[in-house]
Amino acid sequence: MVEAIEQWQLRKAVAKGRGGVVAAQHYQAAHVGADVLAAGGNAVDAAVATAFALAVLEPWMSGVGGGGYMVVYLAKEQRVQVVDFAMTAPRGLDPAAFPLLTDGVATNDNFFGWPAVEGERNVHGPLSIAVPGSVDGLGLASERFGRLPWAELLRPAIGLAREGHPVNWWTTLEICDEAKALSTYPAASRRYLPGGFPPLTQLEGVHRLPMDELAQTLDQLARAGRRDFYEGDLAASLARDLAEAGSFVTAADLAAYNAHLAAPLACDRGQVRYFVPPGLCAGPTFADALAQLPPIAPGRPGSEAYLGYGRSLMAAYERRFAEMGHDGDRAGQGCTTHLSVADGEGNLVALTNTLLSLFGSKVEMPESGVMMNNGIMWFDPRPGRPNSIAPGQRPLCNMCPMVATKADKPWFAMGASGGRRILSAVYHGASFLADCGLSLEQAVHQPRLNVDGAARVEADLRLGSDCLAELEKHLPLSVVEAQTAPNRFANLQVALFDPDGDEGPSVEGASQIRLPVAGAVAI
């Protein structure tokens, strides 16, 4: 039996209010979003402001050099829209630039199990960079669904960047995790390894990592608008740095990029309707697994429920890997950050934004301070596969932001970060709330399984010996500890709207309990 290393019992309080709630992977970013709600902004305004704040407060997970999805429930219109701003491969990408070292041997530095590529150039470095979509996607969402001016939404992030990133022990841990790779790239090394070493928390005062270039970039975006990142002065700056680094991404790739709106994929189960993104993400796999999930009895889930979760997820992943890829579906697309927002009017936002790996490609643009993604790692480097590396294509990704309604009324926004572990977290969280009828506090503290393929199931040690013994009879089970680090069960963030409270509509928010800086803030 696995023995727990972490000998503490962790709990987080659920944030409650009436004006709105933001759940994010950094508590200061959640405060930024809550302040936007208090200033009259809606859920989309709060989500956009929070996402830009996270570019400063959690720069290893997301930022303006990344991409993602936003799912929006519009209460007044009672409809859902997906904002698709996923990354794309540059049009001049040459698949021959990623030769396999040996067929069938996975690299240690990616979490998809792909065969190793020479020099790991699909994992980090300039060749791993895909065309980023975050700025255009957040700008499109603000333009179409927001209420406050664009510049006002960037103002908090600009202020945070001018102050610099505040170093705490979690910052030190995240930088240590990628210190070797960061040291290879000059701009990133100067930023995150001052004096050649990860920064340490100070006993008195706050040590900050300067982010002056990023502050100037955000200020330029606030003044010139989102398309400056793709067609204006910022685009020209990025193109110079990308060319100097040796990336395939060009000025023409930036100019050609456009985020777009898409209809969601809707999945019904009883009175609950789940809305997820379509295309090359985890949305279709969620729908596939949900369709195979047997009835779950109300109350705390037992071994029968977990057996249903495990079997349905394994079957869905088997189909996902066999069929999904850019050749099979050109219509849509798919460590990471997720935030969820519910405002007092019933608008809901689930937003997942990512650089993919910690610190993405590890390549920071010297002029702009933008850390670029490593989106090419999402592609299978083996040729002839549904998701093989190809120019101008969108890779299969793992994001699964979701909003849910119950009896045609807004209910919750949910999503997670954690690569292939995202789907299991969202799947369990949704079922805990909808099928089991758990409270939000109970749901986020309930142990989960992780299924990220068709061959294995990881079970949280906290499920207990009886439940684990029963699961082991039927599933290829590995028992693991839910640790603070490394994280085995993805970071779940939930914002919930209750339209039928005793004293009127109310909101609740909850963040991943084992992510120490994550928090939910309500007004």
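Points worth noting:
- Of all residues in the range 337-358, those that are closer than 16 Å to residue 17 by Cβ and part of a loop (DSSP other than H, G, I, E, B) total 4.
- Residue check, residue 133 crowded, with 17+ Cβ neighbours inside 10 Å, at pLDDT 95 or above, in contact with a Lys or Arg (Cβ under 8 Å, 6 or more places away or on another chain) and closer than 30 Å to residue 89 by Cβ: no
- Selection over the range 201-229 of residues that are under 12 Å from residue 160 (Cβ atoms) and buried (at least 19 other Cβ atoms within 10 Å of the Cβ) gives a count of 4.
- When 454, 469, 495 are checked against the criterion of being at pLDDT below 95 and among the aliphatic types (A, V, I, L, M), 454 stands alone in meeting it.
The rows are residues; the columns are (1) in contact with a Ser or Thr (Cβ under 8 Å, 6 or more places away or on another chain); (2) of a type in the set (Val, Ile, Thr); (3) modelled with pLDDT of 95 or more.
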site: 22; (1), (2), (3): yes, yes, yes
site: 37; (1), (2), (3): no, no, yes
site: 40; (1), (2), (3): no, no, yes
site: 43; (1), (2), (3): no, no, yes
site: 68; (1), (2), (3): yes, no, yes
site: 75; (1), (2), (3): no, no, yes
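- Only one of 439, 431 that is modelled with pLDDT of 95 or more, more than 16 Å from the chain's Cα centre (by Cα) and surrounded by fewer than 20 Cβ atoms within 10 Å (Cβ to Cβ): 439
- Matching entry among 22, 36, 44 (being surrounded by 24 or more Cβ atoms within 10 Å (Cβ to Cβ) and within 24 Å of residue 358 (Cα to Cα)): 22
- Hey, residue 49 part of a helix (DSSP H, G or I) and touching an Asp or Glu at 6+ places or on another chain (Cβ under 9 Å) or not: yes
- Evaluated against (1) within 22 Å of the chain's Cα centre (by Cα); (2) over 30 Å from residue 464 (Cα atoms); (3) not hydroxyl-bearing (Ser, Thr, Tyr), residue 19 falls short on exactly one condition, (1).
- Of all residues in the range 239-285 being in contact with a Leu (Cβ under 8 Å, 6 or more places away or on another chain) and in a strand (DSSP E or B), the one that is nearest to residue 395 (Cα to Cα): 280
- Residue that is within 22 Å of residue 454 (Cβ to Cβ) and in contact with a His (Cβ under 6 Å, 6 or more places away or on another chain), where the choices are 425, 416: 416
Each row is one residue, and each column tells you yes or no for (1) surrounded by fewer than 24 Cβ atoms within 10 Å (Cβ to Cβ); (2) assigned to a strand (DSSP E or B).
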site: 443; (1), (2): no, no
site: 458; (1), (2): yes, yes
site: 469; (1), (2): yes, no
site: 474; (1), (2): yes, no
site: 484; (1), (2): yes, no
site: 500; (1), (2): yes, no
site: 513; (1), (2): yes, no
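- The condition of being of a type in the set (Asp, Glu) and either in contact with a Pro (Cβ under 7 Å, 6 or more places away or on another chain) or part of a helix (DSSP H, G or I) (or both) does not hold for residue 367.
- Among the residues of the range 55-101, those that are over 16 Å from residue 263 (Cα atoms) and among the polar types (S, T, N, Q) comprise 62, 88.
- Subset of the range 409-420 [modelled with pLDDT of 95 or more and either farther than 18 Å from residue 268 by Cβ or of a type in the set (A, V, I, L, M) (or both)]: 413, 414, 415, 416, 417
- If you go through the range 168-192 and keep only what is more than 15 Å from residue 358 (Cα to Cα) and surrounded by fewer than 19 Cβ atoms within 10 Å (Cβ to Cβ), you end up with 168, 169, 186, 190.
- Residue 412 being among the aromatic types (Phe, Trp, Tyr) and either assigned to a strand (DSSP E or B) or closer than 14 Å to residue 282 by Cα (or both): yes
- Applying a threshold of 9 Å to beta carbon distances and a minimum spacing of six or more residues, or different chains, the list of pairs starting in the range 17-35 at a residue that is of a type in the set (Lys, Arg) and ending at one that is surrounded by fewer than 24 Cβ atoms within 10 Å (Cβ to Cβ) reads 18/344; 18/501; 18/503; 18/504; 18/505; 18/506; 18/522; 18/523.
The values are calculated or read from the model by the stated rules, or taken from the named source; none is laboratory data. Quantities reported herein were computed from a predicted structural model and do not represent experimental measurements. Note that we place each Cβ from the backbone using ideal geometry, even for glycine, and neighbour counts take in every protein chain shown.
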